[in-house]
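Below: the structure, in structure tokens.
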Amino acid sequence: MPLFEYAPAPESRDIANLKPSYRPFIDGEFVDGSGEQMKTINPATEEVLAEVGTASPSDVDTAVKAARKAYARTWSKMPGAERAKYLFRVARLIQERARELAVLESLDNGKPIKESRDSDVPTAAAHFFYHAGWADKLDYAGLGPDPKPLGVAGQIIPWNFPLLMLAWKIAPALATGNTVVLKPAETTPLTALVFAEICQQAELPPGVVNILPGAGDIGSELVNHPDINKIAFTGSTDVGKLIQRQVAGTSKQLTLELGGKAANIVFEDAPLDQAVEGIVNGIFFNQGHVCCAGSRLLAQESIVDELMEKLRARVSTLRLGDPLDKNTDIGAINSAEQLAKIKELVESGDSEGAQRWTSPCPVPERGFFFAPTVFSEVQQAMRIAREEIFGPVLSVLTFRTPDEAVSKANNTPYGLSAGIWTEKGSRIFWMANQLRAGVVWANTFNRFDPAAPFGGYQESGFGREGGRTGLEAYLSV
Ligand code: NDP
């Protein structure tokens, strides 16, 4: 019997100002792309949201030429303090249009409105504010006496945080004096195209930002364009490897932010109720579509039973359903393909002998949904312990000693993030030194700040985004 019955609390979809069609943004104007029209759908209902014009290879060329012209004539010549004014303006406009962007993001992506409203959109604005502050201080950033922009950046982003990933890419590129051509993911192009409207509102000089909706082939076209100086990619490790091969032997700079299989490590002295909240946030935030998700829980053997009991009780209270309902904790899986991938990996967990527990929450019949799932008795060799599921599925392993925790946590081809839960400060420092992960959270998880660099080791990619270190990826120093 639930403690509370929740009344529906839907956010109005009218706030999204959804238009019947959207177009690519090149040289400061919305243009008819010469690629095919595509439809973007609401993954929670499977209804078509809008038609989107896509770019063709010739549009990629036009956009790169526009970005080059803007770079050479305007943007790279502009004093940093002037660039900063545009970035501050963009940040303010994101804040002004925050509700519209949040509802649109939830419609197109399937994520709960409370996440797009309280996390994605404010953090996107924060990235522009933060980088605006750097634009006139680059000479004093400790990156050499006279750092110079690289030129035109080609940027390719995934569907899990469409607006936020755009902000992670565009804000540092513009602050450092580069111009950009960005390709959003095929299934989530809408907030990027509203961002293009924001660029117009901010009177950003034409060509400084160009947005090209399209499929993977357009991303590939961008990577191969001879007049691109830098590629910044976030997405799957497979595509990251492909891109790395494509840019090998060229003078293009590259940063890759790829997949992960993070260990969230809970010691017996951890405050367990707090740890449970961190575990839930680590794997069920954004339906688990998070590259740094805490998808492997490593629990000390002495507390695993108690922890699992608390975890199941907590996960049973998560509300799955309409992303626009303000009480929803878990929204829709972004696409039918991603849902099929999650189901396939979950079946492999069953057949390899792990114990599956699924929340008894009701699951809507229409749309792409997957109930939160926890696998216990997971062995390191199982696919669910090794592969990125990118869904609301947690794999639980156990350990006895700190050394064993470290060796299990590091037993992965990835290395993006990790979490440590313990009362002992000395253990936190010791563990953090041993873990091969770009970000290590202690007694918390999935905390982001524009000032904190983010990036991976090994197959999670290379280069850092955010913070002073992230500026370096867009500068010749
Ligand atoms: P992809 O790596 O395919 O997509 C990321 C971006 O790259 C999209 O914009 C995509 O376009 C584009 N792209 C695809 N192929 C190419 C190419 N050959 N050259 C240049 N750009 C390309 O990820 P998926 O969306 O297919 O997701 C697959 C898996 O990747 C997920 O299940 C998850 O495990 C992982 N993933 C990891 C992410 C992370 O943040 N680390 C983010 C997203 C996915 P398009 O959208 O048209 O395919």
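The values are calculated or read from the model by the stated rules, or taken from the named source; none is laboratory data. No experiment lies behind these values; they were computed from the predicted model shown. Neighbour counts are summed over all protein chains in view; Cβ atoms, including those assigned to glycine, are modelled from backbone coordinates with ideal geometry. Just the protein is used for accessible areas: all its heavy atoms, side chains included, with ligands, DNA and RNA removed. Shrake-Rupley method; radii C 1.70, N 1.55, O 1.52, S 1.80 Å.
Can you pull the Kirkwood radius for the chain, inverse mean 1/r over Cα pairs, to one decimal in Å?
22.7 Å
Every pair of different Cα atoms in the range 1-97 enters the Kirkwood calculation, which places the hydrodynamic radius at 17.4 Å. In this entry, the range 238-301 is assigned a mean projected area of 6.1 nm², taken as a quarter of its C-alpha convex hull surface.
Among 390-402, 418-430, how do they line up by average Cβ neighbours within 10 Å per residue, starting with the highest?
So the peptides 390-402, 418-430, ranked by packing, come out 390-402, 418-430.
Per atom type, the range 12-119 shows carbon and sulfur on 50% of its accessible surface, probed at 1.4 Å. Of the accessible area of the range 137-210, with the probe set at 1.4 angstrom, what percent is carbon plus sulfur? Ligands and nucleic acids excluded, carbon and sulfur give 55 percent.
Taking all protein chains together and a probe of 1.4 Å, list 462, 4, 454 from the most accessible to the least accessible. List each step's numbers first, then the result.
Working: 462 80, 4 140, 454 10 Å².
Largest accessible area first, the list is 4, 462, 454.
Relative to the longest principal axis of the Cα atoms of the chain, helix 425-434 runs at roughly 60 degrees. Classify the range 308-400: rounded, prolate or oblate, from the alpha-carbon gyration tensor (a ≥ b ≥ c, eigenvalue square roots; a/c under 1.5 rounded; otherwise prolate if a/b is larger than b/c)? Note, shape of the range 308-400 comes out oblate.
Against the chain, whose longest principal axis comes from its Cα atoms, helix 57-70 is set at around 70 degrees. Here's the list of aspartates and glutamates a cross-link from residue 241 could span, going by alpha-carbon distance under 13 Å and ignoring same-chain residues fewer than 8 apart: 257, 459. Ranked by the mean number of other Cβ atoms within 10 Å per residue, highest first, peptides 259-269, 220-230 order as 259-269, 220-230.
For the range 362-477, the square roots of the Cα gyration tensor eigenvalues, ordered a ≥ b ≥ c, give a/c of at least 1.5 with a/b no greater than b/c, which places it in the oblate category.
Placing one equal scatterer on every Cα of the range 203-251 and applying the Debye formula, the log10 ratio I(q)/I(0) at q = 0.17 Å⁻¹ is -0.58. Projected over every direction and averaged, the convex hull enclosing the alpha-carbon atoms of the range 40-138 yields 8.1 nm². In this label model, residue 203 and residue 305 are separated by 7.0 nm, measuring between points 7 Å along each Cα→Cβ vector. Using a cut-off of under 19 Å, list every residue of the range 82-118 whose amide N is near the label point 7 Å from the Cα of residue 6 along the Cα-to-beta-carbon line. Within reach of a label on residue 6, which here means backbone N under 19 Å from a point 7 Å along Cα→Cβ, the range 82-118 contributes 102-118.
Carbon-plus-sulfur accessible fraction, the range 351-443 (probe radius 1.4 Å, protein heavy atoms only): 47%.
Residues 370, 375, sorted by accessible area with the largest first, give 370, 375 [1.4 Å probe; ligands and nucleic acids excluded]. Probing with 1.4 Å while keeping every protein chain in the model, the per residue accessible area of the chain equals 39 Å².
Beyond 14 Å, the tail of the calculated P(r) for the range 417-477 holds 60 percent of the Cα pairs. A Cβ-based charge dipole, computed about the Cα centre of the chain with Lys and Arg at +1 and Asp and Glu at -1, lands at about 1280 debye. Extent of the range 105-185 along its three principal axes (Cα atoms, max minus min coordinate, largest first): 45, 23, 14 Å.
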